[in-house]
Each structure stands twice: as structure tokens, then as C-alpha cells.
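For reference, the structure discussed in these notes is given below.
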Amino acid sequence: MIQIKNLTKNYNDYAAVKDISLDIKKGELCVMIGPSGCGKSTTLKVLNRLETPTEGSVFINGEDISNIDPVILRRGIGYVIQNVGLFPHMTASENIATVPQLLKWDKNKIGERVEYLLNLVGLEPFEYSKKYPAELSGGEAQRVGVARALAADPEVLLMDEPFGALDPITRSELQRSLVKIQSELKKTILFVTHDIDEAILLADMVVLMKDGEIVQSGSPTQMLEFPVNKFVRDFVGTDRALKRLSLTKVETFCKPAPYVSLNTDISNAVEMIDNGIYIWVVDENEKPCGWLDAYMDEPTGFVKDYCTIDSFENFTVSKKQSVKEALNKMIKSGVNQLVVVDGDERLLGEISIDDIIQKS
Amino acid sequence: MILFKRADKKLFLMLFALMLFAILPELLMPLYKATAKIGQDLVYSRAPILSLLVEHIWLTLFSSGLSAIFGIMLGVLVTTKAGEDFKQVVTMFGSIGQTLPPVAVLAIAAGFVGYGTKPTLIALFLYGLFPIIAGTIAGLNAVGRDIILAAEGMGMTESQIFLKVKLPLAAEVIIAGVRTSVVINIGTATIGAAIGAGGLGAPIMAGLINDNFPFIIQGGVAVGLLAVFTDRLISLFEMRIRAYRT
Ligand SMILES: Nc1ncnc2c1ncn2[C@@H]1O[C@H](COP(=O)(O)OP(=O)(O)O)[C@@H](O)[C@H]1O
Ligand SMILES: [Mg+2]
């Protein structure tokens with residue numbers, strides 16, 4: 001979809017970008033990361049012809065962009081910048097409608113599109129469409145910025161540190177929104193950041209740059225597992241192993257676990273614990289509700305008379321959550337294992353801290 | 001005009017006072033009596049204040065209109081890429097014109113085109129140019145770099161960026177420059193009377209020459225009222241423009 005071939009950009013004698021080549025597939029979110037001044041913004045600006053390459057060329061959809069009128073090219077590419085750059089004299093709706101208006105869309109079509117986009121980025125149209133940028137919080141403003149970039153349904157989106165100026169909580173909200181939007185729309189996105197956690201969270205492919213050159217590119221897992229040199233190792237940080245766990249799903253480490261129901265006869269349950277020290281307990285819907293410890297004095301009756309009942313959130317994780325989240329819960333609850341549940345909150349198995357440490 | 005939808009009390013009060021005084025300068029008779037020397041005329045009688053006021057308005061309207069047109073054009077020109085090189089020259093000439101005493105500008109202009117309304121208009125035009133150029137440049141330069149980057153990145157053409165983004169955002173500051181210029185011109189226009197341009201300067205000049213204080217008061221009060229009224233009028237306009245940005 002986007003091919004950058006031997007791109008070099010000099011400012012006077014200073015080479016901001018040195019001979020970089022990059023291929024971004026359709027529907028892929030590529031995160032370009034690197035220290036400040038390494039040429040990320042410059043590369044992005046070459047793609048929508050805000051800068052002219054000194055050498056090399058860029059192809060979008062197989063077409064050399066130097067053959068496309070810059071104005072036409074830009075209307076077909078969404079562009080989001082760090083400081084948002086909303087027009088202060090226009091409402092949220094008018095801001096979003098900018099490109100469709102430049103493209104002379106029909107009024108009704110623009111209205112529908114704006115409403116759809118406000119919903120898409122999580123802003124209630126009734127409340128927000130008439131607001132001016134000065135009345136929006138930083139997070140809301142950037143949501144409008146994203147909607148504005150998506151307005152004419154471009155195939156390609158360029159995002160230059162779009163969440164860089166937001167506080168951590170708002171930033172992670174917008175990151176999650178972007179993940180959701182991207183899973184729906186499957187745009188081809190080149191996303192610039194200098195935040196490694198953001199890169200790992202969002203990227204299909206990460207491109208790490210330094211001094212105008214690409215140092216390493218590949219999937220987030222590849223970068224974390226096989227950093228090519230000290231610069232990459234340092235950049236991804238000493239907590240590489242932990243970061244990798246944030247990319248791994250709980251189901252990877254899930255193993256089957258025995259369980260009994262609340263109404264099981266206690267003697268059967270004791271038999272099932274065998275030489276273990278506990279067994280999980282589920283309710284009539286197979287939803288985990290607690291556990292049963294092995295040490296009991298001559299028990300009679302049912303499991304429900306002896307087991308420990310705990311609230312669901314305290315001792316379960318969903319198979320789709322990250323191992324990092326599971327570890328976090330274990331540490332918080334002071335336990336060595338958690339129940340793994342599927343989407344319907346039914347018991348699937350368990351995950352234990354020992355397995356995580358031994359197998360990762 | 002939308003401007004007057006929400007009646008502005010102060011504005012109407014100022015207008016009322018101005019018109020009343022122009023028609024009936026005798027209203028301040030006690031003041032004239034108290035300041036006049038024995039045997040002096042108390043009310044300027046060579047022309048009614050009202051017709052002098054109309055003359056004065058024409059003088060400033062015409063000169064400030066020209067200043068606004070040329071000032072905004074020059075200001076816009078020197079903020080484009082093509083005109084950047086002229087920025088220094090234009091602002092330099094503008095500020096030199098501003099530091100010359102108006103009487104000197106008037107005398108030079110009279111030297112070229114003779115006495116009367118013409119040299120006065122030229123002097124006022126030149127004099128009113130600088131605040132407008134300065135306001136236009138300031139207003140356009142104040143439009144954020146990121147806003148323009150976004151506009152450019154979205155595929156607006158140069159002229160679309162200017163008309164849809166820069167100009168509306170700079171309008172308030174540009175109009176503020178125009179207001180300063182007009183108000184200064186209303187005051188400065190009084191000296192036109194010295195070379196026969198008429199206007200509210202006439203009673204003031206006559207008063208100065210004949211040592212007649214009431215005449216000076218009559219011209220001065222009328223000019224003052226006209227200035228505050230105009231200032232208010234244009235301020236309201238500025239506020240209306242700003243309302244779009246909340
Ligand atoms: N218009 C310009 N003129 C001169 N130098 C520039 C210009 N734009 C960027 N640079 C320089 O190019 C280098 C790369 O800049 P940039 O791409 O903005 O870095 P990044 O976005 O990675 O922080 C920096 O050293 C910067 O100073
Ligand atoms: Mg940058």
C-alpha cells in the first residue's frame with residue numbers, strides 16, 4: 001500500500017532522513033518510533049508532500065506520489081498532528097466536515113458522515129457537534145482531530161504523535177479507541193510516537209529510527225525478543241520481558257484444572273483433590289465462585305458447606321487478557337494461580353505464576 | 001445590520017449626545033459664558049456644527065477607507081511567501097510616517113497638491129496606514145503554526161487557507177488596527193482646517209487664532225463625542241467577530 005524507496009531528505013546540508021526504505025501493507029498499523037529529532041515527522045510530511053524528498057520516491061497504491069497534485073493527494077490522506085490544529089473559529093462538526101466540503105460532497109451526505117464519525121470516535125453528536133474547540137478538553141479535541149482525518153474515508157492515515165500531549169489516562173483511553181476504530185475500519189496507518197509502550201500496544205509493525213536511519217523493523221514481539229543492538233535494547237527498556245508479557249494472551253499459559261460444583265457431595269470433592277491442596281468451585285452456570293481447600297476435619301455434606309466464596313473479579317482472568325494483567329492480579333491478590341474463563345465467564349482452566357516464569 | 005440586533009445602550013447614548021450637541025451647541029452656554037472674554041461671540045457662526053460634523057465624517061471616512069484598503073492589502077502582501085522581502089521596507093515606512101508630526105505631513109502634502117481637502121486627505125491616509133498594516137501583520141502572524149499545518153495537510157489550497165482560516169482568525173486584530181487608525185484620524189483631521197479643509201477643526205482654529213475659548217470647546221466636544229462613538233461602534237463589530245470563536 002505504501003512503499004518508501006531509498007528516501008533521503010536534506011535540510012540544507014543536514015540529512016534529516018537518510019536512505020530509508022519501508023513497505024507498509026494494506027490495513028496495517030505501522031508505528032514509527034525513535035528519539036526526538038530522528039526524522040519521524042519529516043518522513044510523514046514527505047508522504048503527503050508537505051516536504052519534497054531530496055532523493056528516493058514514495059508510492060501509494062502503486063502510484064508515485066510525485067505525479068499526484070499535492071492538494072489532491074492530501075485530500076485522500078488523513079493527517080493528525082500532536083497539537084491537533086483544530087480550527088478555533090469552527091465547531092466540531094464544521095472542523096470534521098472540512099475535507100468533504102473541499103471535495104464538494106452533498107450537504108446531507110456530509111451531515112450523515114459527521115454524525116457517524118462523532119459516534120465512531122466516542123463523542124455524542126447531540127452534545128458535541130456544536131461545540132467550539134475552546135470548549136473541548138485535550139482528549140475530546142484530539143478525538144475530533146481523528147474524526148476530521150477520517151472524514152473523507154481515506155485509505156491512508158498519517159498520525160504524528162497524536163496522543164503525545166495528553167495526560168496518561170486520557171492517552172490510554174484514546175489508544176484503546178484507536179485500537180477499536182482500527183479493528184473496524186482497517187486503514188493503512190503510519191503512526192509516529194516516541195512512547196515504546198504505545199508502540200507495543202498499537203503496532204502491527206514497529207520501525208525504530210535513529211539519526212534519520214531505520215535501526216530495526218518488525219513485529220513488536222520480534223523487537224522485544226531479538227533486539228539487533230544495544231540501542232534497540234536500551235530503547236525498548238530493561239523490562240523487555242515484562243513488555244513481552246503484555247503482548248502475550250492468558251490462553252497461551254492456560255492449562256486444564258479440575259473443578260467441582262457447589263452441590264457436589266463433599267466426599268467426592270475430597271477424592272478429586274487427591275494429593276493437590278485445593279480445587280476450584282463453580283456455580284450451576286459453571287461460573288467460578290470460589291475454591292475448596294484440602295484440609296478438612298471429617299467433612300460431611302456438600303461442597304457449599306466448606307468452600308471459600310470470593311468475588312469473581314478477585315481470582316479470575318479472561319483468556320483474552322494479557323499475561324501482564326494476570327500477573328498484576330496475582331500480585332495484588334497475593335495468589336499463585338488464577339482461574340481462566342472464556343467470554344461467557346465459564347471456567348476454562350487455570351494459569352499459574354510458575355508456568356509463566358518457566359515457559360517465558 | 002446584525003450589529004444592532006441587540007441594541008447597545010451606550011452606543012445609542014453616544015450617538016444621541018453627538019447629534020444633540022451638533023444641532024444645539026447652545027446647550028453648553030453656561031460653559032461658554034464662563035470661559036468667554038468680554039464682547040466675544042459665544043457660538044461659532046460661520047457654519048453650523050452639524051454641517052462641520054458631516055464634513056469631518058467625510059474626511060475621516062474617505063481617508064480611513066483608503067488606509068484600510070491599502071493597509072490591509074499591504075499587510076496581507078508582506079505576510080505571503082512572495083511578499084516577505086518587502087515586510088521590512090513596508091513596516092519601516094509605516095513607522096516613519098507615524099513618527100512625523102501630522103502638521104509636517106500636512107505641510108509636505110500641501111506643498112505638492114496645494115491647499116484644501118486634498119492634502120488633508122493624503123496626510124490622513126498616510127497617517128492612518130501604519131496601525132492598519134501593523135494590525136494586519138500581527139493578526140495574520142498570530143494564527144497558530146499547527147492550525148496552518150493542519151489546513152495544508154488536509155489539502156486546502158493557498159487561497160483556501162487564507163480565506164477560510166487565516167483571514168477569519170486574524171479579522172479581530174485587523175479590525176482593532178482599523179479602529180485605532182480611525183480614532184487617531186478623527187482627532188488628526190482637525191488640523192486640516194489650518195489649510196482650509198473644513199470639518200470640526202474650523203471652530204478650533206478660529207478659537208485659537210482669536211483667543212476664543214468657547215469656539216475651541218465647541219469643536220473639541222464634537223470631535224471627542226465623534227471619536228468615542230466611532231470607537232464604540234467598531235469595538236462592537238470586533239466583538240461580533242470574536243463571538244464566532246467563543
Ligand atoms: N524545516 C526544517 N528546516 C531545517 N531543519 C529541519 C526542518 N524540519 C526538521 N528539521 C530537522 O530535521 C531533523 C528531524 O526532524 P523531525 O523529522 O521533525 O524529527 P522527529 O519528528 O523525529 O522528532 C531535526 O534535527 C530537525 O531539527
Ligand atoms: Mg516530530
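The values are calculated or read from the model by the stated rules, or taken from the named source; none is laboratory data. Keep in mind it's a predicted model, so treat the numbers as computed, not measured. Note that each Cβ is placed from the backbone with ideal geometry, even for glycine, and that neighbours are counted across all protein chains shown. Heavy atoms of the whole protein, side chains included, go into the accessibility calculation; ligands, DNA and RNA do not. Shrake-Rupley method; radii C 1.70, N 1.55, O 1.52, S 1.80 Å.
Restricting attention to region A:28-46 and to residues that are more than 10 Å from ligand 2 (Cβ to nearest atom) and not hydrophobic (A, V, I, L, M, F, W, C), the residue that is farthest from the chain's Cα centre (by Cα) turns out to be A:Pro35. Could you please let me know if A:Leu44 is in contact with an Asp or Glu (Cβ under 7 Å, 6 or more places away or on another chain), farther than 18 Å from A:Ile68 by Cβ, among the hydrophobic types (A, V, I, L, M, F, W, C) and in the same structural domain as A:Gln175 (by TED's automatic domain parsing)? Taking the combined requirement at face value, the residue does not satisfy it.
Here is the figure for region A:52-105: residues that are touching a residue at least 60 places away in the same chain (Cβ under 8 Å) and either under 15 Å from B:Ala150 (Cα atoms) or open to solvent by less than 60 Å² (accessible area, probe 1.4 Å) (or both) total 13.
Is it true that A:Leu158 is more than 13 Å from every other protein chain (Cβ to nearest Cβ) and within 20 Å of the chain's Cα centre (by Cα)? Steps first, please.
On the way: more than 13 Å from every other protein chain (Cβ to nearest Cβ): no; within 20 Å of the chain's Cα centre (by Cα): yes.
When the stated conditions are applied, A:Leu158 does not pass them.
Considering only residues in region A:25-38 that are open to solvent by 10 Å² or more (accessible area, probe 1.4 Å) and within 15 Å of ligand 1 (Cβ to nearest atom), the one that is farthest from the other protein chains (Cβ to nearest Cβ) turns out to be A:Pro35.
Taken residue by residue, region A:241-255 has at least one member that is more than 14 Å from chain B (Cβ to nearest Cβ), closer than 25 Å to A:Leu22 by Cβ, more than 16 Å from ligand 2 (Cβ to nearest atom) and hydrophobic (A, V, I, L, M, F, W, C).
The residue that is farthest from ligand 1 (Cβ to nearest atom), counting only those in region A:141-179 that are β-branched (Val, Ile, Thr) and buried (at least 24 other Cβ atoms within 10 Å of the Cβ), is A:Val144. The listed residues are A:Leu208, A:Leu123, A:Leu157, and the only one of them that is over 24 Å from A:Met1 (Cα atoms) and either outside any loop (DSSP other than H, G, I, E, B) or touching a helix residue (DSSP H, G or I) at 6+ places or on another chain (Cβ under 6 Å) (or both) turns out to be A:Leu123. Summed over region A:185-197, the residues that are more than 15 Å from A:Val156 (Cβ to Cβ), in contact (Cβ under 8 Å) with a residue 60 or more places away in the chain and either open to solvent by 80 Å² or more (accessible area, probe 1.4 Å) or among the hydrophobic types (A, V, I, L, M, F, W, C) (or both) give a count of 2.
Being open to solvent by 10 Å² or more (accessible area, probe 1.4 Å) and within 30 Å of B:Ile38 (Cβ to Cβ) holds for only one residue in B:Val173, B:Val221, B:Val182, B:Val143, and it is B:Val221.
Look at B:Glu158 and say whether it is within 14 Å of another protein chain (Cβ to nearest Cβ), acidic (Asp, Glu) and crowded, with 19+ Cβ neighbours inside 10 Å. Considered against the rule, which asks whether it is within 14 Å of another protein chain (Cβ to nearest Cβ), acidic (Asp, Glu) and crowded, with 19+ Cβ neighbours inside 10 Å, B:Glu158 comes out as no. Total residues in region B:199-218 satisfying the condition of being of a type outside the set (A, V, I, L, M) and surrounded by fewer than 17 Cβ atoms within 10 Å (Cβ to Cβ): the figure is 2. Of the set (1) within 14 Å of chain A (Cβ to nearest Cβ); (2) at pLDDT 95 or above, all apply to B:Tyr244 but (2).
Can you find, within region B:78-109, the residue that is surrounded by the fewest Cβ atoms within 10 Å (Cβ to Cβ) among those that are among the aliphatic types (A, V, I, L, M) and touching a helix residue (DSSP H, G or I) at 6+ places or on another chain (Cβ under 7 Å)?
Of the residues in region B:78-109, the ones among the aliphatic types (A, V, I, L, M) are B:78, B:82, B:89-90, B:92, B:96, B:100, B:103-109.
Next, from what is left, pick out any that are touching a helix residue (DSSP H, G or I) at 6+ places or on another chain (Cβ under 7 Å): B:78, B:90, B:103, B:105-106, B:109.
Numbers: B:Val78: 21, B:Val90: 19, B:Val103: 13, B:Val105: 22, B:Leu106: 23, B:Ala109: 20.
Applying the filter and picking the extreme gives B:Val103.
Summed over region B:24-67, the residues that are in contact with a Leu (Cβ under 9 Å, 6 or more places away or on another chain), in a helix (DSSP H, G or I) and among the hydrophobic types (A, V, I, L, M, F, W, C) give a count of 9.
Only one entry of A:Leu50, A:Leu7, A:Leu44, A:Leu22 meets the criterion of being of a type in the set (A, V, I, L, M, F, W, C), part of a helix (DSSP H, G or I), out of contact with any Lys or Arg (no Cβ under 7 Å at 6 or more places or on another chain) and within 15 Å of ligand 1 (Cβ to nearest atom), and that entry is A:Leu44.
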